[in-house]
Every structure is written in structure tokens, then in C-alpha cells.
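Report on one structure; see the data block that follows.
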Amino acid sequence: LKSDPPFRAVDKVSFEICPHENVGLVGESGCGKSTLLRTILGLDKPQAGEVRVFGEPFPAQNLAKTKELRRKIQVVFQDPFGSFDPRWRVEQIIAENFHLYDRPISSKNARIRIEKILEQVGLSGGDADRFPHEFSGGQRQRIAIARALITEPSVIALDEAVSALDVTVRAKVLDLLAELSDRLGVAYLFVTHDLTVVRSITDRVMVMKSGKIVEEGDTEAVFTNPQHPYTIDLLNAAPNLNRALEQRKAIQQ
């Protein structure tokens, strides 16, 4: 029997994220988004090509350089509770990333930084003493954002980071992310299938299908004038309340 040719999960994908830029990566399940994200984060090694952070190959050839670069690119996952150790207090969860520094941080200075970052994400410094199960879903995602910010990164990758939240909480978290981007100058890579999220917060969007980027451009331009048939299909498949109401009205008539 003749075997099928190997499938490339990520095929000749190349892009840059500039300082202070918010970029969206959208596509259906199985299109290669997660594989690409794992490669960017240094969790999977590409068979060809490389990832560069500030022009440096990532991961680097030595551990010290890799740790230095890893401080610059952090991640927020879809399920914050699943990415936390439930036995740890919030202080321990956020302090975990301090291992990326070459020199130990004193307990006093660590606590000061943790309380400050918690306040920046809309929580209180005293929340450092509580456990993850004592918070709501939206609050836990704020803790995850605080953990990502504690190393003062230049880029944060958000992997479906608001898809598990209800509409009201999601809007508040997106507002927080936009405010943090403006104030701290951090860039975002939003990996998601939610077109509403991408349109609300990104400057540029990339559309992925079968391992390839099939369309890329200014977010509003792609949404208002899509060029690739797949992008058009994605936009047509997205929930549209006004369109649904018009269709229902037409049926009733």
C-alpha cells in the first residue's frame, strides 16, 4: 500500500511581531496554531527554520541565554486553573517565574513585586496569600496575566486566553489587556478561533489554514475586505446577531 505523504503542521510560516504590536493568529481547530505556538515558546523544536527573540536564536545554545530570552516571552493559557498548582498560594504561583533570573530575589523584594503586579491586574496585594480555588474564573485569569508580567516580558502569547470566560468577564479582561499594553508597552500574540476577540484588540491578523498563513494584514482591513476564500468562509461562519435577526424576520414574513 502506498502511504500518504507526511503532513506539515506548520508549513513555511514566517512573521515578525514588532514592539508594542498586538497580533492575532486565527484559524479552525487542527490548522496548526497550537504547534506554531509551541514552537515559538521553545517547547517544540522545528524541523527547519528557527525562532528569534530580539534577533537571538531561541532557545539559545546555552541555558543562561535561554533563560534571559524566556523572560522576554511569556504565555497565558486558556485554563488558568489547570496551569496552577492548586496546593500553592498565589504568591508561590507568581514567584515561580523568578527562577528565570540568574540571581536570587530576596523574599522581601519578591513580595513587593508580587503585590504590585497583582494591583496592576486589578486584584489586591493581599490576594497573594490566597489559593486559586478562592477566585472566580476571571480573577484566576488575572493571576495568570500577573504571572506572565512578573518577568517584565516584551511579548505575551495568549492561547485562547479569554474563550472560557463569560461575555461580561471576557470584555473586562480584554480591557485590562489593552490597558496593560498601552501602559507597559508589551506586545501580544493572540492565538484564538474567536474572531470577535481578534477584531477588538489586535492591530494585525494572520489567518492560518492547513499549516500555512493564507492571509495577513491590518485587522480592520482583513475583516472588512477579506481576500482569501478561507478568510471569507471564517467570517461568514462567525456568529452575527444582526444577520440572524434579519434572517428570522425574513422567515416570519
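Computed quantities for the displayed model
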quantity	calculated
Given (1) within 29 Å of L234 (Cα to Cα); (2) open to solvent by less than 80 Å² (accessible area, probe 1.4 Å); (3) part of a loop (DSSP other than H, G, I, E, B), number of the condition G24 does not satisfy	(3)
Residues within region 1-21 that are open to solvent by less than 90 Å² (accessible area, probe 1.4 Å) and of a type in the set (D, E, K, R), tallied	2
Selection status of L241, modelled with pLDDT under 90 and buried (at least 18 other Cβ atoms within 10 Å of the Cβ)	no
All positions within region 71-97 that are under 20 Å from F190 (Cβ atoms) and of a type outside the set (V, I, T)	K72, Q74, F77, Q78, D79, P80, G82, S83
Residue that is modelled with the lowest pLDDT [pool: residues in region 94-116 that are closer than 18 Å to K67 by Cα and of a type in the set (V, I, T)]	I105
Entirely in region 39-106, the strands (runs of 3 or more DSSP E) that have 1 or more residues that are farther than 30 Å from G137 by Cα	51-53, 56-58
Neighbours by Cβ (under 6 Å, 6+ apart or cross-chain): first from region 70-87, in contact (Cβ under 8 Å) with a residue 40 or more places away in the chain; second open to solvent by 70 Å² or more (accessible area, probe 1.4 Å)	Q78/A164; S83/F77
Failed criterion for D127 (all others in (1) over 17 Å from the mean Cα position of the chain (by Cα); (2) open to solvent by 50 Å² or more (accessible area, probe 1.4 Å) hold)	(2)
Some residue of region 140-153 being closer than 30 Å to K12 by Cβ, open to solvent by less than 40 Å² (accessible area, probe 1.4 Å), in contact with a Gly (Cβ under 6 Å, 6 or more places away or on another chain) and part of a loop (DSSP other than H, G, I, E, B)	no
Of residues in region 179-193 being in contact with a strand residue (DSSP E or B) (Cβ under 8 Å, 6 or more places away or on another chain) and open to solvent by less than 80 Å² (accessible area, probe 1.4 Å), the one farthest from I17 (Cα to Cα)	T192
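The values are calculated or read from the model by the stated rules, or taken from the named source; none is laboratory data. The model shown is predicted, which means the values in this text are computed figures rather than measured ones. Here Cβ is always computed from backbone atoms with ideal geometry, including for glycine, and neighbour counts include all displayed protein chains. Heads up: the accessible areas ignore ligands, DNA and RNA and are worked out on the full protein's heavy atoms, side chains in. Shrake-Rupley method; radii C 1.70, N 1.55, O 1.52, S 1.80 Å.
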